[in-house]
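K.L.:
This is the structure I want to talk about, given as structure tokens.
The values are calculated or read from the model by the stated rules, or taken from the named source; none is laboratory data. Note that the structure is a prediction, hence the values are computed from the model and not measured. Cβ sites come from the backbone with ideal geometry, for glycine too, and all protein chains shown count toward neighbours.
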Amino acid sequence: MPSSTTTPRAEVTDSSAVSLASLSGGVSETMLLTLWGRAATAMKDHPVLNDPEAVAAVRRIDFDFRGKFGRPSLDPAIRAKWSDSLLRDFLVRYPDAQVIALGDGLETQFWRVDNGRLHWFSVDLPEATSVRRQVLPAHPRNELVDASIVESEWLQIVSSSQPTIITANGVLMYLQPEDVIALLKTLASRFPGVDLLFDTVPEWLSRRAARGLKLNNSYKLPPLPFGIGIGDLAKLSAAASPLKIVSAQTYGEAFPSLTPVPALLSRWGYFRNRLSPALVHARLG
């Protein structure tokens, strides 16, 4: 549920632009949608999110982002800004930590928060990491892991004894509810006490997406099987025990000055608990 929209300066295509057809593995439209949201925000004169790698990626990909997705939502940038802040706080305490980014796709968070010491694992399906390799620059501390996040083989690649934080930005809603529960339990078993940052969509949006919700004439939302509101996070915590919810906010609560209308609506309990997407900071046991 978009909280706001923003109009960027006109995109300038990079001279080394690549077409979607040339990208082996195929491109998920959701990868492009969130990339577009962050880049469009970063291209404004006074951006709420500085994301030069996202801007470079959008300029490099020969694709009509605006024609496909319409005016960009501010939500991807708000989610990124919220997650970036928590990651930076963690890295102040643990500068040599490892970050496990589930469903990392074309997310450019590594470059936004890199302190020169962290090690970043981008875990995603092989077709997604293939696109990432072709669009985003390689880095020795950004290790790409070709794997489904709901399978367990990838867990053996990362250390369970090093300071760790896990992100799942824009990914859990695409999983079946039972797979979300199983994943959270697996993560808690492998990384007890580790912090997890994720976001959710409300149940009403999950139901609408199942019926084919269109954002515009060119783009229809994919299925979002896992929908949950802030008011039901206690049930998620119980089902995925020992998951603990540290904090949960609406997008409006996270940055009220950026989204004043959602911030005002968030004072209404029903909107906050049932109707709004959420940004969740949890702990795995």
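Every residue, every condition in (1) within 17 Å of the chain's Cα centre (by Cα); (2) not hydroxyl-bearing (Ser, Thr, Tyr), yes or no:
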| site | (1), (2) |
| --- | --- |
| 96 | no, yes |
| 100 | yes, yes |
| 109 | yes, yes |
| 115 | no, yes |
| 119 | no, yes |
| 130 | no, no |
| 135 | no, yes |
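K.L.:
Identify all residues within the stretch 214-243 that are touching a Lys or Arg at 6+ places or on another chain (Cβ under 7 Å) and more than 18 Å from residue 168 (Cβ to Cβ); write none if there are none.
P.N.:
If the condition is that a residue be touching a Lys or Arg at 6+ places or on another chain (Cβ under 7 Å) and more than 18 Å from residue 168 (Cβ to Cβ), then 214, 218, 219, 220, 231 are the ones that fit.
K.L.:
Now for a separate question. Anything in the stretch 242-253 that is touching a residue at least 40 places away in the same chain (Cβ under 8 Å) and closer than 19 Å to residue 178 by Cα? List them, or say none.
P.N.:
Residues satisfying the conditions are 242, 243, 244.
K.L.:
Show the residue pairs that are 6+ apart or on different chains and have beta-carbon atoms under 8 Å apart, the first residue being within the stretch 126-151 and more than 26 Å from residue 187 (Cα to Cα) and assigned by TED's automatic domain parsing to the domain that holds residue 62, the second being of a type outside the set (S, T, N, Q) and surrounded by fewer than 20 Cβ atoms within 10 Å (Cβ to Cβ).
P.N.:
Pairs found: none.
K.L.:
I'd like to check something: does the stretch 242-265 contain any residue that is of a type in the set (S, T, N, Q) and over 24 Å from residue 109 (Cβ atoms)?
P.N.:
Scanning the stretch 242-265, I find no residue that is of a type in the set (S, T, N, Q) and over 24 Å from residue 109 (Cβ atoms), so the answer is no.
K.L.:
For the stretch 80-121, give me each residue that is in a helix (DSSP H, G or I) and either under 17 Å from residue 161 (Cβ atoms) or polar (S, T, N, Q) (or both).
P.N.:
Selection gives 83, 85, 90, 93, 109.
K.L.:
Can you report the number of residues in the stretch 142-153 which are under 20 Å from the mean Cα position of the chain (by Cα), surrounded by fewer than 17 Cβ atoms within 10 Å (Cβ to Cβ) and not aliphatic (A, V, I, L, M)?
P.N.:
Total satisfying the criteria: 4.
K.L.:
Related question: Restricting the first residue to the stretch 254-283 and requiring it to be more than 21 Å from residue 167 (Cβ to Cβ) and crowded, with 17+ Cβ neighbours inside 10 Å, which pairs with a second residue that is modelled with pLDDT of 95 or more and among the basic types (Lys, Arg) meet a Cβ separation below 9 Å and a spacing of at least six or different chains?
P.N.:
Pairs found: 265/272; 266/272.
K.L.:
Could you tell me whether the stretch 100-115 includes any residue that is small (Gly, Ala, Ser) and either surrounded by fewer than 20 Cβ atoms within 10 Å (Cβ to Cβ) or not assigned by TED's automatic domain parsing to the domain that holds residue 200 (or both)?
P.N.:
No: the stretch 100-115 contains no residue that is small (Gly, Ala, Ser) and either surrounded by fewer than 20 Cβ atoms within 10 Å (Cβ to Cβ) or not assigned by TED's automatic domain parsing to the domain that holds residue 200 (or both).
K.L.:
In the stretch 25-50, which residue that is charged (D, E, K, R) and closer than 23 Å to residue 277 by Cα is surrounded by the fewest Cβ atoms within 10 Å (Cβ to Cβ)?
P.N.:
By that ranking, first place goes to 29.
K.L.:
Moving on. Please indicate, with yes or no, whether at least one residue in the stretch 239-250 is surrounded by 14 or more Cβ atoms within 10 Å (Cβ to Cβ), in a loop (DSSP other than H, G, I, E, B) and not small (Gly, Ala, Ser).
P.N.:
Yes, the conditions are met somewhere in the stretch 239-250.
K.L.:
Scan the stretch 121-135 and give yes if some residue there is within 21 Å of residue 174 (Cβ to Cβ), at pLDDT below 95 and of a type in the set (Asp, Glu), otherwise no.
P.N.:
Within the stretch 121-135, one or more residues are within 21 Å of residue 174 (Cβ to Cβ), at pLDDT below 95 and of a type in the set (Asp, Glu).
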